[in-house]
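One structure is given here, and the rest of the page talks about it.
The values are calculated or read from the model by the stated rules, or taken from the named source; none is laboratory data. No experiment lies behind these values; they were computed from the predicted model shown. Heads up, the Cβs are rebuilt from the backbone with ideal geometry, glycines too, and the neighbour counts pull from every protein chain shown.
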């Protein structure tokens, strides 16, 4: 018997939870990402597949979604959390460290891809606003899938990983402005695209300024108050209040709800509460986003897709080819060599999850009609399904090119052979700390070049298989021979405080923009390293003291979350002293 009355929403919630707890994890065993898992689940359980057979087989009503519209508010909430967490991840320091690749490769790729895809849509007869929105939606790639693939292969920190991350960061930055634009196009469907763009820019700038000012004045003090007097439950409450309040502010200004959530995340990401917010929201984000992507799958009209199969497949092939060429050119010019650019192109040619967010907003605002949105959504979804396959092909192509470039790859014998390295990490000081850093980075596929002034240590570490050389990293000539001009990062772990400062100073003289991580003995030494040019300083005395203090608090019976909050506050205060002094 079919489900009726008020129980429908409860039955649909149970179906969704079973899909989230059983079907999606089962698909992940087949290396299908959670995003695609929810899309496929929604497709299978929606009215265009199993749900369409309910009239013939009423028993299916118990295992399908009966009222997709009831999930819409929860799906919208999932989008807000997605944009909030996106803002948390986009720290200004991270963007600045990768600025050439982010704004060069990322900006070039996004602009050219949107222009090419949008121009093609306009050429085949779509309106200017619809073509523009579709071009922008398909220009974006899947941050969730690409970063998952790179993380599983321990390749996030490789040149290819950093290039992909830079392009994805730029695309993520563009999501909020695109949603603003869609909102204005929906409000002024008869107006020109240029006028909508200008109005979006002006209104968006005003909203950002207002929220940033309010955030600086109110947000951080409020979070500090809650951290002092409350526990994890109150912290969750103020996080949720921040997301909702910022979203309502932008909505009242005539902008999108998602923009407010994004700005709230961006502001909170610059405070000491960033990581706590990420941890607390992670499970809610996963479920709510699952609702959103399930509703996207439910809305896919398989009949319409089948009737337009030639258009869908043709559009899919054309989009992949166009984006592949553009990503390759962008990465080649701004970010890396031929192998890196080719692999990045394979990874980033498919569309991403934000295409569904943008298309849903555009369809709701009548900027894109439902049939066109269905076709474009199908193209985006199919391309995302191909991402793991294309990533595998890209890696094999990249590895083949690297082998041709260096057929006798092995550990170089002399520093003169290191000048051709690109994107590696130079570690100055290979004691216990240096080796620990090297081991962690090695798991992510990062190339390591180590320098040490202790000949006996060099001998032993070299036997362990590390590329380590005798040399003083405070001498510019040694640094140059270690490939300093193309290194992605430097880690200074030397025991001697004066020598460590000299090394940091020498590196900074050679490279003004490169990140330098430095180990300090205490706060005073940390201040000296910062003055010498270190980007990040880790005082070992502080970390040891915090570990001991944490164990002391646990012995008094404080709950783990309270210990974590106390230590986080103390750590932030100590590191702030280094920044101030």
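General observations
- Selection count where residues are modelled with pLDDT under 85, over 23 Å from residue 349 (Cβ atoms) and touching a helix residue (DSSP H, G or I) at 6+ places or on another chain (Cβ under 7 Å), scope the stretch 91-140: 1
- Those residues of the stretch 508-539 which are more than 21 Å from residue 162 (Cα to Cα) and touching a residue at least 60 places away in the same chain (Cβ under 8 Å), in sequence order: 519
- The helices (runs of 4 or more DSSP H) located wholly in the stretch 447-565 that include 2 or more residues which are under 30 Å from residue 227 (Cα atoms) and in the same structural domain as residue 425 (by TED's automatic domain parsing) occupy 523-532, 540-555.
- Residue 171 being modelled with pLDDT of 80 or more and either touching a helix residue (DSSP H, G or I) at 6+ places or on another chain (Cβ under 8 Å) or surrounded by fewer than 24 Cβ atoms within 10 Å (Cβ to Cβ) (or both): yes
- Number of the condition not met by residue 481 [criteria: (1) crowded, with 17+ Cβ neighbours inside 10 Å; (2) modelled with pLDDT of 80 or more]: (2)
- Residue in the stretch 563-571 that is crowded, with 21+ Cβ neighbours inside 10 Å and either within 24 Å of residue 441 (Cα to Cα) or modelled with pLDDT of 80 or more (or both) present: no
- Out of 32, 63, sole residue that is under 25 Å from residue 303 (Cα atoms), buried (at least 16 other Cβ atoms within 10 Å of the Cβ), out of contact with any helix residue (DSSP H, G or I) (no Cβ under 7 Å at 6 or more places or on another chain) and at pLDDT 70 or above: 32
- Considering residues of the stretch 141-168 that are under 20 Å from residue 320 (Cβ atoms) and assigned to a loop (DSSP other than H, G, I, E, B) only, the residue modelled with the highest pLDDT: 141
- Checked against the criterion of being farther than 30 Å from residue 146 by Cα and either in contact (Cβ under 8 Å) with a residue 40 or more places away in the chain or assigned to a helix (DSSP H, G or I) (or both), the candidates 52, 37, 42, 21 yield just one match: 52.
- Considering the stretch 356-379, and only residues there that are more than 13 Å from residue 300 (Cβ to Cβ) and over 24 Å from the mean Cα position of the chain (by Cα), the residue that is surrounded by the most Cβ atoms within 10 Å (Cβ to Cβ) turns out to be 368.
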